[in-house]
Structures are given as structure tokens and as C-alpha cells.
Amino acid sequence: MEGKTNLKEIAQLFLKLGIIGFGGPAVHIAMMQDEVVVKKKWLTEQHFLDLIGATNLIPGPNSTEMAIHIGHEKSGWKGLIVAGICFIFPAVIITGFFAWFYKEYGQVPEVQPFLYGIKPAIIVIIFSAIFPLAKKSLKTIQLGIIAGIVLVLSLLNYNEIILMFGAGILALIIYYLKQNRNKSINAFIPLTLFQISNTSRVSPTNLNLFLIFLKIGAILYGSGYVLFAFLDAELVSTGLLSRTQLIDAIAVGQFTPGPVFSAVTFIGYQINGFAGALISTIAIFLPSFIFVALLNPMIKKIRNSKLFSTFLDAINVASIAIILSICLEMGKETIIDWRTILIAFLSIIITFNYKKINSAFIVLGGSLVGYLLTLIGF
């Protein structure tokens, strides 16, 4: 686990995950856990949890930052670059194709029948991955209580960032009360809240696109849905993009594999063609590479500090609770009839009884079964 990993092996793993990673960050992280903790044993469960916690402390797409962290852990800055680019690349290429098709023909190809069976399968994959992580992260009764609170509030649609930092602060307060009731906490936790203000109407130059997406990538916390809210403020309200185009970009981001931030490739193409797609993509992901490069060396130091370790433990359980909440919401929206119930049931049997089967086969199998079942008219 400690030795350097071949860059080719890192590239192959994250290219594969980038191709089969349907379903958003929770699914991507579940797949990474299965690959790098369970199968390849590159990382321990605890260290993997710490990396999840670290990605939630910085802006940007969580699953992409997890890929970058893992690459850095295994092969330094070269691994960081290779893992990040390989994870992003398939989504960008696929989204680029949809962007071209959309601009030429005014619509995207019909892929819904194949997605029908993927969604129930990936929900099962998430559940199978978070069980061992939850067991590892729930170290104390207090952390269990914090996780329960975060889960309930997440299901009530409270902001993810407030929940995670709130969990960390609550854990610090409990730690402080236990250690010494008469001393103040000698720690400073920087909590900076950013907001994107609506810009005045701008022309669609590549420099403007670069600056807009660089700003979003540098300050955006939260899910892809938060990203689309920011894009509405930055692009629709300034006339660079129509709301119909934004909605179609959301659809493309949802049914393509890899990070949902690749929807920016679609948007950039609609505004300024190939150059706009390339520049927008680079700008939205660039801050993640920089933040991870700066943060990764500090993770072990944070873990070795009792105070920050307490904070990180709470962030970890909050992250798991939020992933579980997302999974429950996805299940409520996805497992809605006998076909999806059947696909989910088959996925559970395979995932929990044949642990060595690659999650890619479960995703592809769910897609194929879903397609075949949609052909049945009852």
C-alpha cells in the first residue's frame, strides 16, 4: 500500500471509472472505494474516509477531487495529474459528442431506455460501498448521534456544506466540553462563505468563459444541482445561454458517465464551439487540481492533531450520512415499478454474494436488462 503505483495502472483504473461512472459523485466514490480499498488495497478504509472528508472541505466536484487525491497518494504530482485527467476525459469526450449533435440537430440522442436499468443498479453499488465505510467512521456514540442528525437534516434538504461544517463544529464543542470546561478552544476554523454575484451582460469571448468557469470552479461547494443554479445566474441571466440550453445541459450531465461538471463542456460548445468547450472545461476543473495539490500533504498532519482529527472524524460521518441521504432520495425517484425493483433485487444478489465481480459489469448488466424490460409492454 505504501509503494508507488505505476502511472499506467492509475490511468487504466480512472479511465474505466470515467467510462462506467454513471449516477453522480456518490456512485463514483462508491466505485473508487471498491477498487482502491477492497480490491487493490491501495488505501486503508480510514485513509479513504479522510480523503472523502478532505474533499468536502474544499470547493469543486467531490468525486473528481477524490480521483486526484488517490492519484497523488499513489504516484505524487504525476499521479495527481494522470488520475484527474483520465477520470474527466471520457465524460468530456462523450459530452462533447452530445454538444455537437445538439448544435447540429437541436436535440440529443435518445438514451433513456438504457438509463432505466442503470439507476437501480448504481443505488445498490452505493449501499454496498458505504456499509464498510460507515462501520469504520462510527467510532463513538457521539459520532453516531451526529451522523443521525446529519442524515435527518439532509433528508430535509438542508445545505450539505452547512451540515458538514456544522458536524465538525459540534464535534469540537463536545471535545472541548469533555477536555476542559474552563478553557477556550485554541483553534481557528476558517469558514468562508462565497457567493457569486450576477455579472453585467458580457460578450461570449473565450476569456470571459474562462474567467466565469474558473470562478465557479474555485468557489462552488455542493452538488451538480448547485452548479446549475450558479450557471443560471452567470450565463442565462446575462444572455450567454438560453434556459432551454441550460436544461438540456443538465440532462446531458445526468445521463453521461463521470463528473457532472462535464456539462460545462456542452455549455461551452453551445456558446463558442470547440474552443469554448475546451476552455470552459479546463477552467472549471483547474481549481480542483490546485486545491488538492495544496491540501493533500496536510491530511496526515491534520489526522495526527487531536483537535483537527476530531473535526475530521465528524466531517467523515457527516459525509457518509449525506451519501446515504442521496442514495435514499435516488431510490425513491428511481425504484418505482416492478422492472426497477427486479433490477435492484438482482443487483443486490450479485453485489453482496459475488463481491469480486467488477461494478462495471453490474452497471452494464443493469443497463442491458433495463433496455430489454422496456421492450416489454406491460
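Take the conditions in contact with a helix residue (DSSP H, G or I) (Cβ under 7 Å, 6 or more places away or on another chain) and either basic (Lys, Arg) or free of Cβ contacts under 8 Å to residues at least 12 places away in the same chain (or both) and apply them to residue 41. Does it pass?
Criteria not met by residue 41.
Residues of the range 70-97 being of a type in the set (Phe, Trp, Tyr) and either open to solvent by 20 Å² or more (accessible area, probe 1.4 Å) or not in a helix (DSSP H, G or I) (or both), which ones?
Correct list: 77, 89, 97.
Starting from residues that are modelled with pLDDT of 80 or more, open to solvent by less than 40 Å² (accessible area, probe 1.4 Å) and of a type outside the set (A, V, I, L, M, F, W, C), keep the ones in the range 98-138 and report whichever is farthest from residue 249 (Cα to Cα).
Per the criteria, the residue is 137.
Output the residue which, of all residues in the range 1-59 that are touching a Pro at 6+ places or on another chain (Cβ under 6 Å) and small (Gly, Ala, Ser), is surrounded by the most Cβ atoms within 10 Å (Cβ to Cβ).
Restricting to residues being touching a Pro at 6+ places or on another chain (Cβ under 6 Å) and small (Gly, Ala, Ser), the top hit is 21.
Considering only the range 243-250, I want to know if a residue exists there that is buried (at least 16 other Cβ atoms within 10 Å of the Cβ), within 16 Å of the chain's Cα centre (by Cα) and at pLDDT below 85.
yes
Tell me the helices (runs of 4 or more DSSP H) entirely within the range 291-378 that contain at least 2 residues that are closer than 30 Å to residue 178 by Cα and at pLDDT 80 or above.
In the range 291-378, the matching helices (runs of 4 or more DSSP H) lie at 306-334.
Out of all the residues in the range 300-320, is one or more out of contact with any Leu (no Cβ under 9 Å at 6 or more places or on another chain), under 24 Å from residue 131 (Cβ atoms), open to solvent by 10 Å² or more (accessible area, probe 1.4 Å) and in contact (Cβ under 8 Å) with a residue 60 or more places away in the chain?
No, every residue in the range 300-320 fails to be out of contact with any Leu (no Cβ under 9 Å at 6 or more places or on another chain), under 24 Å from residue 131 (Cβ atoms), open to solvent by 10 Å² or more (accessible area, probe 1.4 Å) and in contact (Cβ under 8 Å) with a residue 60 or more places away in the chain.
Residues that are in a helix (DSSP H, G or I), touching a residue at least 24 places away in the same chain (Cβ under 8 Å) and small (Gly, Ala, Ser): does the range 240-250 have at least one?
No.
Anything in the range 251-279 that is open to solvent by 10 Å² or more (accessible area, probe 1.4 Å) and of a type outside the set (A, V, I, L, M, F, W, C)? List them, or say none.
254, 269, 270, 272, 273
The values are calculated or read from the model by the stated rules, or taken from the named source; none is laboratory data. Treat the numbers as computed from the prediction; the structure is a model and nothing was measured. Cβ sites come from the backbone with ideal geometry, for glycine too, and all protein chains shown count toward neighbours. Ligands, DNA and RNA are excluded from the accessible area calculation, which covers all protein heavy atoms including side chains. Shrake-Rupley method; radii C 1.70, N 1.55, O 1.52, S 1.80 Å.
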